[in-house]
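The values are calculated or read from the model by the stated rules, or taken from the named source; none is laboratory data. Please read all numbers here as calculations on a predicted model, not as lab measurements. Here the Cβ is made from the backbone with ideal geometry for all residues, glycine too, and neighbour counts use every protein chain on show.
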Amino acid sequence: MTDERAGRTAGTEQATVLVVDDTPTKLYILSSWLRRAGHRVVEAAGGLEALARVREVHPDLVVLDVRLPDLSGYEVCEQIKADPATSAIPVVQISGAAITAADRARGLERGADAYLAEPVEPDEFAATIEATLRYYRARQRAERMARRLAALTEVTLAMNAAGTFDELVASAVEGTCRILGRHAGVLVLPPDGRVRRFTAMPPDGTAVPRAAAPGVLTELSARATGNAVGTEILTFSPAFWAELMPDTLVENEILSVLSRTKPGRPPVALGVEAVPPLDQDECNILRQLGQALALTVDNLRAYAEEHAIALTLQRSLLPARIPEVAGLDISWRYQPAVDNVEVGGDFYEVVQLGERVLVGIGDVQGHSLLAATVMAELRHALRASLLGPAVDLGASMALLNDVLRRYHPGMTATVCLVLIDPATGEAQIANAGHIPPLLTDGRGGARYHGLGNLLLGVAEETYRVDRLSVPSGGSVLLFTDGLIEDRDTLLDESLETARQVAEAVTEDLEPFCDRLITRFGAREDDVALVIFRRTADGPDGS
């Protein structure tokens with residue numbers, strides 16, 4: 001009857017149980033009951049042996065006699081619970097001698113999860129074992145799910161923080177491999193229109209990006225139920241997955257999620273090896289990863305498209321070409337902010353006026369379509385002011401100020417204009433609140449010109465025009481504040497850095513511009529710069 005009762009639990013989930021008892025008969029009986037219940041049994045006859053087996057086998061549960069020849073069951077239990085690697089293993093203590101209420105309380109206080117006093121009925125023993133296992137399995141599942149959800153959050157944050165498309169997809173595939181502990185692969189269409197595939201294999205889980213066949217996502221979409229927005233789970237054979245992901249050694253079926261954020265848009269495919277089978281929690285994690293990846297890819301694609309549109313618009317408002325002027329070498333750069341989608345108000349201008357050349361640079365406050373519109377209006381107003389027979393930089397600057405104050409009250413802008421005769425080197429400078437031009441003498445000397453007048457758009461102003469001479473081989477560098485403004489560096493330090501770089505403007509101007517941009521690195525604001533140098537072989541031969 002004892003064996004029959006114990007055998008009623010044989011259909012339960014198998015566990016590895018360590019039975020510790022120094023009495024061979026008792027050890028045999030307890031082990032027999034557990035085996036009939038469908039569990040795998042590991043045995044130990046003493047406390048030290050039990051601790052060694054716990055570290056070696058890492059059982060699901062320990063049945064522990066209180067009275068042992070070397071260490072007491074209380075001490076063994078305490079050591080199991082004190083070790084972080086084994087503290088979660090449930091311990092059921094059992095004793096035929098320590099059976100008082102105080103003994104049971106002592107056992108529970110020192111870490112036991114249950115305490116049985118002999119003689120114990122098989123039903124009571126089996127029920128206690130199953131209840132303890134059931135509680136700890138539920139706890140382990142909850143802890144495992146909590147770890148996975150925390151890892152999912154980390155992966156999602158990494159995906160949203162990615163600065164490039166490859167970093168985004170690598171974060172997703174590496175995170176999937178790490179969370180689920182199996183081969184993971186991604187097929188996705190980046191903004192450049194060339195399908196990419198990323199794979200990651202445990203244990204290192206490092207993403208490997210490669211190119212993919214152009215029609216692979218179309219082929220995947222054909223296997224789905226439709227082109228609707230959402231996420232669908234599909235199972236692929238190893239052979240089919242090998243066609244999608246060449247050079248990937250997979251012998252088992254692949255469970256894949258296809259996620260689409262907009263109708264008609266190619267899906268994002270995220271797949272993992274399906275052996276061993278994924279449980280419901282793992283399937284939900286995979287689905288959430290696929291949805292998060294699709295949304296993040298879509299956001300990055302939208303950002304890239306908006307950035308390209310903004311950049312195209314910005315450049316369309318700048319000069320289509322710079323005139324070639326005898327006696328002057330001219331170079332320029334326009335570099336948009338690295339993380340700004342909106343258009344800015346930075347601009348430059350080069351206009352040939354008979355034998356003279358006007359070089360201008362400016363910056364309208366803000367980043368918006370309004371800033372770009374105001375910038376375009378100021379450029380057109382400047383060009384209009386130069387149509388007469390006489391060029392007056394002070395009058396031109398006053399006109400720009402009036403345009404800004406009358407039609408865009410509250411907006412401000414900085415502008416610097418330089419009018420030079422390449423033949424003689426005679427130059428005029430009018431500055432409305434802009435960074436002063438950097439003047440070089442062609443022999444390693446560089447200095448800033450003096451400060452100008454009030455910036456545009458603030459108040460009525462009479463703009464001073466300074467006169468100077470640019471020597472043969474000398475140059476004038478104009479740039480907007482986006483080049484030098486940095487949160488972590490004083491403005492004076494950045495101005496000095498630019499001056500020191502300008503001292504070496506003896507090479508071609510193109511590499512100099514590249515070197516100057518590189519010196520300050522990626523910028524949070526748009527950058528415009530123009531540099532011109534009076535060549536030694538000017539029209540007058542000077």
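Overview of values
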quantity: Scan of region 232-277 for residues that are surrounded by fewer than 19 Cβ atoms within 10 Å (Cβ to Cβ) and assigned to a strand (DSSP E or B), ordered by number; calculated: 232, 233, 234, 235
quantity: From 113, 204, residue being crowded, with 18+ Cβ neighbours inside 10 Å, among the acidic types (Asp, Glu) and under 48 Å from the mean Cα position of the chain (by Cα); calculated: 113
quantity: Verdict on residue 274 being farther than 22 Å from residue 296 by Cβ and in the same structural domain as residue 181 (by TED's automatic domain parsing); calculated: yes
quantity: Residue in region 483-493 that is in the same structural domain as residue 358 (by TED's automatic domain parsing), within 16 Å of residue 363 (Cβ to Cβ), in a loop (DSSP other than H, G, I, E, B) and modelled with pLDDT of 90 or more present; calculated: yes
quantity: Residue in region 132-162 that is farthest from residue 39 (Cα to Cα), counting only those that are loosely packed, with under 14 Cβ neighbours inside 10 Å and among the hydrophobic types (A, V, I, L, M, F, W, C); calculated: 161
quantity: For residue 280: the one exception among (1) touching a Phe, Trp or Tyr at 6+ places or on another chain (Cβ under 8 Å); (2) at pLDDT 85 or above; (3) under 30 Å from residue 233 (Cα atoms); calculated: (1)
quantity: Which numbered condition residue 198 misses (of (1) in contact with a helix residue (DSSP H, G or I) (Cβ under 6 Å, 6 or more places away or on another chain); (2) in a helix (DSSP H, G or I)); calculated: (2)
quantity: Options 461, 507: the member that is exposed (fewer than 13 other Cβ atoms within 10 Å of the Cβ) and more than 38 Å from the chain's Cα centre (by Cα); calculated: 507
quantity: For residue 92: the one exception among (1) more than 18 Å from residue 110 (Cα to Cα); (2) of a type in the set (A, V, I, L, M, F, W, C); (3) surrounded by 17 or more Cβ atoms within 10 Å (Cβ to Cβ); calculated: (1)
quantity: Residue within region 376-398 that is under 43 Å from the mean Cα position of the chain (by Cα), closer than 22 Å to residue 324 by Cα and among the basic types (Lys, Arg) present; calculated: yes
quantity: Failed condition for residue 285, given (1) under 30 Å from residue 509 (Cβ atoms); (2) β-branched (Val, Ile, Thr); (3) modelled with pLDDT of 85 or more; (4) touching a Leu at 6+ places or on another chain (Cβ under 9 Å); calculated: (1)
quantity: Some residue of region 168-186 being in a loop (DSSP other than H, G, I, E, B), buried (at least 18 other Cβ atoms within 10 Å of the Cβ) and either at pLDDT below 85 or assigned by TED's automatic domain parsing to the domain that holds residue 283 (or both); calculated: yes
quantity: Filtered residue count, region 53-72, keeping only those that are of a type in the set (A, V, I, L, M) and either free of Cβ contacts under 8 Å to residues at least 12 places away in the same chain or in a loop (DSSP other than H, G, I, E, B) (or both); calculated: 3
quantity: The listed residue being touching a helix residue (DSSP H, G or I) at 6+ places or on another chain (Cβ under 8 Å), within 21 Å of residue 81 (Cα to Cα) and not assigned by TED's automatic domain parsing to the domain that holds residue 294, out of 114, 105, 138; calculated: 114
quantity: Inter-residue pairs, beta-carbon under 9 Å, first without any contact (Cβ under 8 Å) to a residue 24 or more places away in the chain and in region 272-297, second assigned to a helix (DSSP H, G or I), 6+ apart; calculated: 279/141
quantity: Which listed residue is at negative phi, touching a residue at least 12 places away in the same chain (Cβ under 8 Å) and exposed (fewer than 15 other Cβ atoms within 10 Å of the Cβ), from 474, 482, 450, 394; calculated: 450
quantity: Test result for residue 328, at pLDDT 80 or above, surrounded by 15 or more Cβ atoms within 10 Å (Cβ to Cβ), over 19 Å from residue 234 (Cβ atoms) and touching a Pro at 6+ places or on another chain (Cβ under 8 Å); calculated: yes
quantity: Selection from region 413-467 of residues that are within 18 Å of residue 360 (Cβ to Cβ) and among the hydroxyl-bearing types (Ser, Thr, Tyr); calculated: 414, 448, 463
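For (1) in a helix (DSSP H, G or I); (2) touching a helix residue (DSSP H, G or I) at 6+ places or on another chain (Cβ under 9 Å), each residue gets a yes or a no:
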| site | (1), (2) |
| --- | --- |
| 38 | no, yes |
| 43 | no, yes |
| 51 | yes, yes |
| 81 | yes, no |
| 89 | no, yes |
| 93 | no, yes |
| 97 | no, yes |
